[in-house]
Amino acid sequence: MKPLFILLFITLSLFADKVDFSVIVKKPFNAALFDVTEDYDRTITAVGFSKVFQKANTTTNHSYSNAFDYLSSLSSKHGSQMHLLKIDKDAKIVLSKMSSLSRFNEAVAIVKTPQDGYFIGGYTLDGSMMLMKLTANAEPIYTKIFGTKNNDTMSNLLLLRDGGVLAIGSSVTSRSSSDAIFKTGLGGSDISLTKFTKDGRQLWSKKYGTQNDDKGIDIVESRDGSLMVLSSTSYENKRDVSFMRLDENGNKLWIKYYGSQLQSDDTFIPKKIIKLKDNNFLVSLAQYNHMRQEHIRLVKFDIYQNILIDKEIFTTYPSAINDLQEFTDSTIMAVGYVKDIQNSDALAMVLSANLVLLNQEHYGDESYDSFNALSILHNSQVAVAGLHTDNKSQESNMWVTKLNSDATILEVKPSNKKILPQLKKVFNKEISSNTLTIDKDLILNLNNEKLYFSVGAYKLSKAQKKFLDTFSAKLIPFLQKNKDHIKSLEINGHTSSEWAKTNFEDGYLKNEKLSFNRSFSVLSYIFKSQNKNEQKLLSKIIKGSGFNYSKNVMKKMEEDKSNSRRVTFKIVLK
């Protein structure tokens, strides 16, 4: 299986031969991300969970009669809490925030509000569903905890066209007399839907299903405002899929069972449903045959229950799609996982409008990795959230990456802040001896008087040539190593402001020519000193220019004429 070429950890420098947009956040114990969205400022935000860890109080006087009581006392010392990450275009984390609720919980869904905030959906680990509304800075507006007194689990959130949200999940049947009758359920577990207004007021809560175990997986809103529900039913060691259409108030219009109608003993596990641009629907399923081998099945159907395309996607290794979305050209991006005996990798696939596999890529280490959700961005790049496990590790980590529209991983463009430390390291000796300084704009300034030009001169001295030999021997390999990120190398000539016995016009023009000649002398000397391969590189990026005396050196409010007669070097990034 294909390894992930470079994983970008928080502690890793972002500038190298090739840097992938891949952010992995490590926390104690397992952590993961389950959903991702694009913000209005073009950052991306992902949600999931990480663990809260507190050391046990070793000074307590409490004694225990057996080991089980002691272990029970430690169980509340660490547990899941919702975790939100916001990441900018340079793969830098700009916000990392955990909830601090008294009940351990996990987030499974995030949707943007028109006010640039978020709805976050999840569930507590003791069996309640949760809805949180946050500001753009992840400050809580309100938190709603709802469900029955039994085990309820949320699967996803749907942002409705009226600004409200619909939570879908599963609820174990309750027989408590204190539960309303519509919450008592139909079987072992039931499909659960709860609708909220944008201000958090619950409009209705309903259950659907059979006498068997039913689970609500995902939901989308149709063009006419009706709701299309994806769910599963388990019975007799088998699991089938159902497509159910409801009106906007949750009343059942029709239900279609998929799986039991097929002449097959295969088991189907539903993963995701999306509404396509042609107003039809696409569902991803994990299909298991009698050997428990897993592969992908995609089903496209319309609002009238008609199956339009039913396609199996066979891959070399067992695979599944956790999420998928449609590009404007009707191609499909899908993400999930692919696994063999030794490990599982994250999977990204591109499919045609007719569900033909066009390309697939695998990413991960020699352990367990998975892409859980994706969001197609404004520029047709794709933000992906999931989990990554280090080689030989037993703990998963939160993982956010960006892909191109062909499923290849996106490279991060370096910024000046990221290359500056690397450049300073290359010229550490010159900086230490105060021969050279490098500022934040990646301008390299020469400080030694032997490297300045004499009045009116532009031809290089022996000292200047000697320095340029050493200088270029360090600079050119650095440029070669990072050529994919460098737009140009500027060599700028400078002069002092005076020119004896001339008027302003002549003085300006002569200094202009002199500054360019100084630039050209340095440029040509460096260029001629390189081999053919290095010259080819320089021919694409090197630029010479004269700045006249527009950027002369000032000291104590007066021009330092000697230091102004110089050249400077500037690296410009793409």
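The values are calculated or read from the model by the stated rules, or taken from the named source; none is laboratory data. If you're wondering where the values come from, they're calculated on a predicted model, not measured in any experiment. In this analysis, Cβ positions are derived from the backbone assuming ideal geometry, glycine residues included, and neighbour counts consider all displayed protein chains.
Taken over segment 92-131, residues that are more than 13 Å from residue 156 (Cα to Cα) and under 23 Å from the mean Cα position of the chain (by Cα) amount to 16. Pairs are defined by a Cβ separation below 7 Å, a sequence spacing of at least 6 or placement on different chains, a first member in segment 117-142 that is not assigned by TED's automatic domain parsing to the domain that holds residue 34 and in a strand (DSSP E or B), and a second member that is at pLDDT 95 or above and hydrophobic (A, V, I, L, M, F, W, C); no pair meets this definition. Scanning segment 468-486 for residues that are part of a helix (DSSP H, G or I) and in contact (Cβ under 8 Å) with a residue 60 or more places away in the chain, we see that the one that is surrounded by the most Cβ atoms within 10 Å (Cβ to Cβ) is 485. Residue-level analysis places residue 243 among those that are touching a strand residue (DSSP E or B) at 6+ places or on another chain (Cβ under 6 Å) and either at pLDDT 95 or above or surrounded by fewer than 21 Cβ atoms within 10 Å (Cβ to Cβ) (or both). Within segment 452-467, being under 49 Å from the mean Cα position of the chain (by Cα), under 14 Å from residue 493 (Cβ atoms) and surrounded by fewer than 19 Cβ atoms within 10 Å (Cβ to Cβ) holds for no residue.
Do the conditions hold for residue 155, that is, is it of a type in the set (S, T, N, Q), in the same structural domain as residue 223 (by TED's automatic domain parsing) and under 23 Å from the mean Cα position of the chain (by Cα)? Yes, satisfied. Within segment 58-79, the presence of at least one residue that is at pLDDT 60 or above, assigned to a strand (DSSP E or B) and surrounded by 12 or more Cβ atoms within 10 Å (Cβ to Cβ) is confirmed. Check segment 475-485 and report whether any residue there is of a type in the set (Phe, Trp, Tyr), at pLDDT 90 or above and more than 15 Å from residue 543 (Cβ to Cβ). Within segment 475-485, one or more residues are of a type in the set (Phe, Trp, Tyr), at pLDDT 90 or above and more than 15 Å from residue 543 (Cβ to Cβ). Say whether the condition of being surrounded by 14 or more Cβ atoms within 10 Å (Cβ to Cβ), of a type in the set (A, V, I, L, M, F, W, C) and either out of contact with any helix residue (DSSP H, G or I) (no Cβ under 8 Å at 6 or more places or on another chain) or not in a loop (DSSP other than H, G, I, E, B) (or both) is met by at least one residue in segment 487-497. Yes, segment 487-497 contains at least one residue that is surrounded by 14 or more Cβ atoms within 10 Å (Cβ to Cβ), of a type in the set (A, V, I, L, M, F, W, C) and either out of contact with any helix residue (DSSP H, G or I) (no Cβ under 8 Å at 6 or more places or on another chain) or not in a loop (DSSP other than H, G, I, E, B) (or both). Filtered by the rule that a residue be over 18 Å from residue 85 (Cβ atoms) and in contact with a Leu (Cβ under 9 Å, 6 or more places away or on another chain), segment 114-144 gives 124, 130, 131, 141, 142, 143, 144. Just wondering, is there one or more residues in segment 331-341 that are surrounded by 16 or more Cβ atoms within 10 Å (Cβ to Cβ), modelled with pLDDT of 95 or more, assigned by TED's automatic domain parsing to the domain that holds residue 254 and of a type outside the set (Ser, Thr, Tyr)? No, segment 331-341 contains no residue that is surrounded by 16 or more Cβ atoms within 10 Å (Cβ to Cβ), modelled with pLDDT of 95 or more, assigned by TED's automatic domain parsing to the domain that holds residue 254 and of a type outside the set (Ser, Thr, Tyr).
Filtering segment 424-451 to residues that are exposed (fewer than 15 other Cβ atoms within 10 Å of the Cβ) and part of a loop (DSSP other than H, G, I, E, B) leaves 433, 434, 439, 440, 441, 448.
Scanning segment 32-49 for residues that are outside any strand (DSSP E or B) and either buried (at least 24 other Cβ atoms within 10 Å of the Cβ) or among the acidic types (Asp, Glu) (or both) yields a total of 2.
Just to be sure before I move on: is residue 456 at positive phi and either of a type outside the set (Lys, Arg) or in the same structural domain as residue 19 (by TED's automatic domain parsing) (or both) in the structure I sent? The answer is yes for residue 456. Of everything in segment 381-416 that is over 14 Å from the mean Cα position of the chain (by Cα) and outside any loop (DSSP other than H, G, I, E, B), the residue that is surrounded by the fewest Cβ atoms within 10 Å (Cβ to Cβ) is 416. The single residue among 539, 454 that is in a helix (DSSP H, G or I) and over 28 Å from residue 428 (Cβ atoms) turns out to be 539. The number of residues in segment 270-294 that are outside any strand (DSSP E or B) and either of a type outside the set (A, V, I, L, M) or touching a residue at least 40 places away in the same chain (Cβ under 8 Å) (or both) comes to 9.
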